[in-house]
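Throughout, read-outs are computed from the coordinates displayed, never taken from laboratory work. Keep in mind that what you see is a predicted model, and the values were worked out from it rather than measured. Don't worry about glycine lacking a Cβ; one is built from the backbone with ideal geometry, like all the others, and counts go over all protein chains shown.
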Amino acid sequence: MAATSGEQIAGKEGILSLVKTKLEPMIEVGTLYLNKAKDEINSYCSGMEAWQIVLYTLGLTLVVVWLYRFLFDHELGLFERIQKSFFKNVRHLPIIGTKIKQEIEKTCNNVENFSFKLEPGQTYVTNLPYTGLSESKLLQLINDKYETMEGADWTCGKVSGTVYNGNAELTSLITKVYGQYAWANPLHPDVFPGVRKMEAEVVAMTCKMFNGGPEACGTMTSGGTESILMACRVYRHIAYERGVKYPEILAPKSVHSAFNKAADYFRMKVVLVPLDPVTMKCDVKAMARMINRNTCMLVGSAPQFPHGTLDPIEEMSKLALKHKLPLHVDSCLGGFLVPFMKKAGYHIEPFDFSLPGVTSISADTHKYGFTPKGSSVIMYSNKSLRFKQYYINPDWQGGIYASPAIAGSRAGALIAATWAVMMHYGEQGYVDSTRAIIQTTRHIEAGVRKIPGVYVVGQPDVSVVALGSLDFNVFQLASDLNKRGWNLNSLQFPSCFHICVTIPHTKNGVADVFLKDVQECSEALLSQPRTKADGMAAIYGTAQAIPDRSIVSEAAGAFLDACYKTNYQTVANGVDAK
């Protein structure tokens with residue numbers, strides 16, 4: 001039987017009486033301590049003048065605010081700042097600092113000698129020719145002195161990634177279209193309306209590939225890095241609007257370094273989520289525990305670059321919806337593979353806009369889309385997100401300035417060539433290329449698993465196979481393969497290297513040659529596992545063991561410097577540079 005209103009009132013009064021009985025002793029104790037603290041403060045301040053009390057209060061407030069900012073209100077974590085400060089001070093010690101500098105210079109010289117050798121008699125042009133070269137002389141110079149410079153031969157299928165197609169017929173088509181639109185610039189859509197239409201169609205076709213709804217939209221960019229930067233900028237704006245000072249990007253450890261670059265550019269912070277040590281997939285449970293009020297976006301890869309693993313995007317989507325956070329899927333590497341895998345006969349977990357939590361996707365057309373380098377697409381689930389990507393200045397003296405992404409002027413020829421390749425290949429063409437690439441990748445993976453001394457890192461879902469070893473220096477294996485003409489990508493944490501399978505690798509016999517070379521080089525290293533590493537293997541292996549990562553950064557910066565070194569010569573290859 002239901003209780004009467006009188007009984008309900010009596011019940012409530014009883015509960016209130018019980019709560020009061022329990023709380024009264026606690027209130028009395030709290031009041032006692034407050035009165036004691038008040039008496040202590042009054043005693044301390046007795047005899048002080050008003051200005052002293054105000055000054056001390058202000059000083060204490062400033063100290064508390066500084067301490068809070070030092071501990072919590074900073075784009076870098078406390079441990080990271082302490083670590084950087086420690087290594088910075090250590091490097092100021094005379095003996096240690098000098099030794100580190102010498103070792104960095106030695107490493108940089110080794111890198112330069114290993115990577116940037118010139119043929120005898122070759123020098124650099126550093127001044128404009130006094131008289132411009134004719135077309136025939138210019139082409140002769142390119143063919144004789146530049147095109148012939150020795151590098152890795154990608155045409156035979158021994159280079160990881162880099163050139164994703166290279167078909168002569170496709171190259172001819174790209175060249176023709178590029179030449180037709182060489183002067184086009186989409187910054188002026190009224191002057192080049194055809195290019196504007198092409199860009200809109202490239203974005204629309206790509207959104208459809210990723211199951212975008214009626215509101216799905218995006219823009220083209222210069223590559224995967226810019227696409228990722230744009231997404232991070234959008235979500236930074238949203239975080240700012242809700243009062244977050246240092247927005248945090250929550251992403252798996254395997255995520256592309258472009259997210260760190262975005263954080264560096266946009267005053268954000270990347271918080272790395274652990275991976276499953278077996279599959280190398282993002283640990284979504286750990287991601288859920290790491291979400292806080294500063295988190296501005298979640299990130300997953302489809303697939304990730306190092307090991308070719310597809311993160312559990314479906315679980316991430318549910319997590320994003322639960323916490324009302326945006327989810328970006330980085331599909332820059334596999335953007336023109338994963339949408340076609342089902343039609344090519346391969347299973348793949350959900351990863352695109354069909355998942356309600358996915359709010360943006362980056363996909364590179366210039367990889368497995370086989371378009372010229374310098375093109376990518378950033379997509380959003382709705383137009384309000386894309387609007388936050390735009391840069392608009394309504395007050396410039398030169399007029400109202402608006403651009404969709406980082407660049408102002410852009411190469412319309414790249415847009416036209418991208419459109420042309422996508423139209424030329426069509427859905428069936430991409431399905432066929434996907435089938436060939438995945439089939440070759442699975443063949444390589446199965447073969448590597450049979451080779452003693454090496455193992456497959458993670459769970460290759462798409463087009464990448466990473467190799468590690470517990471028996472010898474795996475970077476030496478990569479170096480030995482390099483001597484056989486292979487150009488592979490070295491990775492770290494854990495030490496390994498990978499081969500990114502492209503169309504040239506699908507040629508008859510190429511994958512079998514790779515497996516044969518891996519087996520023979522592994523057998524040689526197993527017989528002498530303590531072989532001293534040489535060349536880039538020694539450099540890369542040493543780099544991982546250095547706790548002060550600023551040293552590694554300096555060495556990497558020196559490598560970039562070496563890319564621009566010209567030895568300050570004024571005459572090259574017989575060109576008059578007076």
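With the simple model of a label 7 Å out from the Cα in the direction of the Cβ, ALA558 to LYS343 spans 5.1 nm. Taking 0.36 nm per residue of separation and subtracting the Cα-Cα distance, full extension of the segment from TYR265 to ALA152 would add 37.4 nm. Annotation: aspartates and glutamates with alpha-carbon distance below 20 angstrom to LYS388 (same-chain offsets under eight excluded): GLU199, GLU215, GLU226, GLU241, GLU248, ASP264, ASP330.
Beta-bridge orientation, the stretch 213-389: approximately 35 percent antiparallel, per DSSP, counting only bridges with both partners inside.
Note on THR148, THR279, THR440: ascending count of other Cβ atoms within 10 Å places them as THR148, THR279, THR440, the fewest first.
When the Cα positions of PRO306, MET341, THR225 are compared along the charge dipole of the stretch 213-389, THR225 comes out farthest toward the positive end, with charges on each C-beta of Lys, Arg, Asp and Glu.
The share of C-alpha pairs in the stretch 213-389 whose separation exceeds 26 Å stands at 21 percent. Packing-based ranking of 380-392, 131-143, 327-339 yields 327-339, 380-392, 131-143, ordered from highest to lowest mean Cβ neighbour count within 10 Å. Note on LYS565: aspartates and glutamates with a C-alpha under 14 Å away, same-chain residues under 8 apart excluded, are GLU112. Protection proxy ranking of 215-226, 412-423, 158-169, by the mean of other Cβ atoms within 10 Å over each peptide's residues and highest first, is 412-423, 215-226, 158-169. Separation of the alpha carbons by more than 28 angstrom is noted, of LYS145/LYS176; LYS281/LYS383; LYS261/LYS483; LYS99/LYS269; LYS208/LYS322, for LYS281/LYS383; LYS261/LYS483; LYS99/LYS269. Once the C-beta distance of TRP66 and LEU128 is scaled by a Förster radius of 41 Å, the resulting FRET efficiency is 0.15 to the nearest 0.05. For the stretch 254-309, applying the loop criterion from DSSP together with a ceiling of 15 other beta carbons within 10 Å to the trypsin sites (Lys or Arg not before Pro) yields ARG267, ARG293. This ranking places ASP352, ASP311 by how few other beta-carbon atoms lie within 10 Å of each, fewest first, which gives ASP352, ASP311.
Given R₀ = 22 Å, FRET efficiency for VAL191-ASP395 by Cβ-Cβ distance, to 0.05?
0.35
3J(HN,Hα) along the stretch 138-154: 5, 5, 5, 4, 4, 5, 7, 10, 10, 5, 8, 4, 5, x, 5, 8, 6 Hz, from the Karplus curve 6.51 cos²θ - 1.76 cosθ + 1.60 with θ = phi - 60°, whole Hz, x for Gly and Pro.
Cβ crowding within 10 Å ranks ILE228, ILE313, ILE551 as ILE551, ILE313, ILE228, fewest other Cβ atoms first.
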